Amino acid sequence: MSTTPAVTLSGARLAYGDRVLWDGLDLDVAPGEFVAVLGPNGSGKTSLMRVLLGLRALSSGAVTVAGAAPGRANRRIGYIPQQRALDPALALRGRDLVGLGWDGHRWGLGLTGIRERRRRVDTALAEVGAEAFANRPVGMLSGGEQQRLRVAQALVGDPAVLLCDEPLLSLDLAHQRAVSDLIDTRRRTADTAVLFVTHEINPVLPLVDRVLYLVDGRFRIGPPDEVMTSETLSELYRTEVDVLRVRGQVHIVGGHGAVCEDFHLAEH
Amino acid sequence: MDNIFDFRLTWQLLSLDFVLSALLVAAVLGLLAGVLGPLIVSRNMAFSVHGTSELALTGGAAALLLGWDVGNGALAGAIVAALVLGLLTRRSSEYDSVIGVVLAFGLGLGVLMLWLYKGRAANKFGLLTGQIVGQDFASMALLTGAAVVVLAVLAVVYRPLLFASVDPDVARARGVPTTLLAVVFAVLVGVATALGVRTVGSLLVLALMVTPAAAAARVTASPLRATVLAVVFAEVSAVGGIVLSLAPGAPVSAFVTAISFLIYLVCWLFGRARRTALA
């Protein structure tokens with residue numbers, strides 16, 4: 001087991017003009033660790049992803065991903081985006097989507113690696129149970145089927161780090177469970193570090209090792225039991241917030257809609 | 001039109017050198033259009049190709065006015081237009097309207113330049129309907145050379161370009177230079193469009209660049225099969241259109257557009273039946 005952190009952030013600051021999203025962020029994510037990134041809209045969760053992918057530079061501080069500067073090791077990163085409606089007429093099958101995760105970033109036609117590609121894609125499809133719909137147009141699949149393919153697409157390249165940007169959004173409970181279990185299995189068997197951006201911690205609560213909770217430039221890092229408390233969240237939100245634990249789930253009751261958890265639950 | 005099925009006349013005409021060279025031009029264009037088409041369709045660039053081909057006319061008109069070669073002017077116009085349109089973000093709702101705005105202004109400019117030209121523009125200006133017969137050796141060599149270059153560049157960028165076209169967010173996350181590829185693809189489309197404008201005319205470029213690929217996308221979701229089918233459809237339309245136009249001496253455009261439209265209709269019906277069966 002490797003002990004070099006999969007992701008390191010030290011003294012990281014990200015600001016748009018005067019608006020500071022976060023500052024002084026220190027975070028080392030170990031291989032195999034599952035870190036949930038929580039916070040209301042506009043708190044800089046997606047910007048953190050963009051920094052790790054090398055699509056945005058930090059305002060100050062240092063960051064490494066898979067042992068390299070961001071943007072240098074993107075082929076060692078698996079990325080799972082939100083499920084969004086795909087064009088039903090798009091000429092692309094499920095297996096093509098997964099295949100692009102294997103070698104879509106490489107130049108050339110890839111004719112020499114075609115056998116290896118097929119073997120890898122078949123294995124990845126089998127791992128997520130997507131064989132049955134792998135040859136259908138992706139735009140005609142359900143949200144849950146699409147996200148299974150997204151997991152296969154992200155894992156087929158054998159990533160050291162898995163970045164997930166709200167991958168469960170708009171899935172029903174059964175598919176939320178299925179997709180998060182696939183991600184959990186991966187990090188346990190292959191020691192892949194997981195950064196999981198989400199509005200809602202409950203679907204992944206049993207899997208989470210640590211939480212990074214971002215609110216208005218303030219943040220807290222720690223195990224869910226330490227961060228998801230009335231005291232800590234009241235401090236972060238600077239308003240009276242109550243955290244209730246009901247049947248193993250975390251419910252947040254706050255004075256206003258900026259408290260995302262119940263705000264989001266209300267939408268469902 | 002009476003002698004469209006006069007196969008003996010068609011056969012006689014097919015043995016003429018200028019007809020054979022026209023068929024070669026059509027075959028090269030069909031190959032280019034068929035290979036580029038599926039990417040154009042995935043990137044929702046049909047209107048942008050239309051804009052590019054119309055703005056090639058403006059480039060040609062500018063060249064005419066300045067005393068340069070009309071074909072080179074069309075090439076330059078198409079590449080400039082493709083670059084401008086290629087740099088626009090595809091997802092913005094402005095995309096379509098900006099193309100409309102640029103296209104209208106460009107055509108207006110072209111009309112003005114043709115009016116300013118002192119000679120008889122019609123003599124030298126076959127860009128609207130093209131002049132597939134009467135291609136000299138130099139322009140045949142230019143066409144073939146440019147086609148080889150376009151296909152070679154496409155072979156190098158194909159995989160990341162497909163990734164960026166069908167799945168831009170994940171492609172960017174995996175380190176694919178999506179903006180650079182958008183520009184490279186715009187130039188490839190610009191060159192292919194300009195070559196098409198010189199030979200089959202700007203009216204026909206859409207029939208070859210978009211219709212065969214759109215038809216292929218109705219019947220298969222595999223990118224490889226869609227490309228092969230698009231090439232076949234484009235070749236059948238281009239070469240078939242010329243052959244059918246020979247005996248009646250009718251305009252090539254009418255036949256090429258009719259064949260490609262017919263192929264599209266058949267594919268559309270077939271695709272609808274297949275999708276109903278799947279759903």
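Assorted remarks:
- Filtered residue count, region A:202-230, keeping only those that are buried (at least 21 other Cβ atoms within 10 Å of the Cβ) and farther than 27 Å from A:G157 by Cα: 6
- Residues of region A:160-182 satisfying the condition of being assigned to a loop (DSSP other than H, G, I, E, B) and crowded, with 24+ Cβ neighbours inside 10 Å: A:P167, A:L168
- Among helices (runs of 4 or more DSSP H) entirely within region B:1-99, having at least 2 residues that are at positive phi and touching a residue at least 12 places away in the same chain (Cβ under 8 Å) singles out no element at all.
- Looking at region A:15-125, the strands (runs of 3 or more DSSP E) lying wholly inside it that each contain 1 or more residues that are of a type in the set (F, W, Y) and away from chain B (no Cβ under 14 Å) sit at A:19-29, A:34-38.
- Check on A:G157, within 9 Å of chain B (Cβ to nearest Cβ), within 23 Å of the chain's Cα centre (by Cα), open to solvent by 10 Å² or more (accessible area, probe 1.4 Å) and touching a residue at least 24 places away in the same chain (Cβ under 8 Å): yes
- Test for B:V98: is it within 14 Å of another protein chain (Cβ to nearest Cβ) and either within 30 Å of B:L116 (Cβ to Cβ) or surrounded by fewer than 24 Cβ atoms within 10 Å (Cβ to Cβ) (or both): no
- Remark: pairs (first residue in region B:138-149, on the phi < 0 side of the Ramachandran plot; second residue assigned to a helix (DSSP H, G or I) and among the polar types (S, T, N, Q); Cβ separation under 9 Å; 6+ apart in sequence or on different chains) = B:S139/B:T199; B:M140/B:S21; B:L143/B:T199.
- Residue match in region A:109-118 (condition: under 18 Å from A:R93 (Cα atoms) and touching a residue at least 40 places away in the same chain (Cβ under 8 Å)): no
- Every condition in (1) in a helix (DSSP H, G or I); (2) within 14 Å of chain A (Cβ to nearest Cβ) holds for B:V176 except the one numbered (1).
- Single residue of region B:28-55 satisfying the filter (farther than 14 Å from B:L188 by Cα and surrounded by 24 or more Cβ atoms within 10 Å (Cβ to Cβ)) that is farthest from the other protein chains (Cβ to nearest Cβ): B:L55
- Against the conditions (1) within 26 Å of A:N74 (Cβ to Cβ); (2) facing chain B (nearest Cβ under 10 Å), A:N135 satisfies every one except (1).
- B:L75 fulfils the conditions (1) within 13 Å of the chain's Cα centre (by Cα); (2) under 30 Å from B:R225 (Cα atoms); (3) open to solvent by 20 Å² or more (accessible area, probe 1.4 Å) except for a single criterion, (2).
- On inspection, A:T185 passes the criterion of being open to solvent by 50 Å² or more (accessible area, probe 1.4 Å), assigned by TED's automatic domain parsing to the domain that holds A:P5 and not hydrophobic (A, V, I, L, M, F, W, C).
The values are calculated or read from the model by the stated rules, or taken from the named source; none is laboratory data. Values in this document were obtained by computation on a predicted structure and should not be read as measured data. Cβ coordinates were reconstructed from backbone atoms using ideal geometry, including for glycine residues, and neighbour counts include every protein chain displayed. Surface accessibility is based on the protein's heavy atoms, side chains included, excluding ligands, DNA and RNA. Shrake-Rupley method; radii C 1.70, N 1.55, O 1.52, S 1.80 Å.
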